[in-house]
1. Kindly identify region 2-107 as rounded, prolate or oblate by the Cα gyration tensor criterion: order the square roots of the eigenvalues as a ≥ b ≥ c, call it rounded if a/c is under 1.5, otherwise compare a/b with b/c, prolate if a/b is larger, else oblate.
2. 7 Å from Cα along Cα→Cβ at both V19 and A88: what's the point-to-point distance in nm?
3. Could you tell me which of rounded, prolate or oblate describes region 1-61, using a ≥ b ≥ c as the square roots of the eigenvalues of the alpha-carbon gyration tensor, with rounded for a/c under 1.5 and, failing that, prolate when a/b is larger than b/c and oblate otherwise?
4. Provide the net charge surrounding I3, with neighbours chosen by a C-beta distance below 9 Å and charges set as Lys +1, Arg +1, Asp -1, Glu -1.
5. What is the chain's relative contact order, in percent, from Cα pairs under 8 angstrom and six or more apart in sequence?
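Every number here is computed from the coordinates shown, using simple stated rules; none is lab data. All values derive from a computational prediction rather than experimental measurement. Neighbour counts run over all protein chains shown; Cβ positions are idealised from the backbone, glycine included.
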Amino acid sequence: MFIIVAKYLIPKGFRGLTVFPFVVIKYALDKQNKILVNHEKIHLRQQLELLILPFFLWYFIEYAVRLLQYKNANLAYRNISLEREAYANELDLDYLKTRRIFSFLNYLFVSN
């Protein structure tokens, strides 16, 4: 994993994004933010198990479906199964030690 600070590559309203093997963060201070880094590490694992390109295809297709479902960009983003898993487990810094493969599927049909 390589952490890169690039304020202008991060969309407004976000603090980080991951494109294997890079984690791009908006602010240098966030290198020390264990929760944010853990969230992005969860995405790295998801990208590895889905072989990177299929991860992004899944992500954007599910986002489009959620956007139709919720008619709200933020709600659509928050309800992508890949994001649900990352947000639900970002506080557990040991999560990746016990995480099972394709665990994001457990968050696919969970409703708010």
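1. Here region 2-107 falls in the oblate category.
2. Using points 7 Å along Cα→Cβ, the separation is 2.9 nm.
3. Values: a/c = 2.17, a/b = 1.56, b/c = 1.39.
The shape class here is prolate.
4. On the way: positive: K31; negative: D30, E40.
Computed value for this residue: -1.
5. Relative contact order, the chain: 20 percent.
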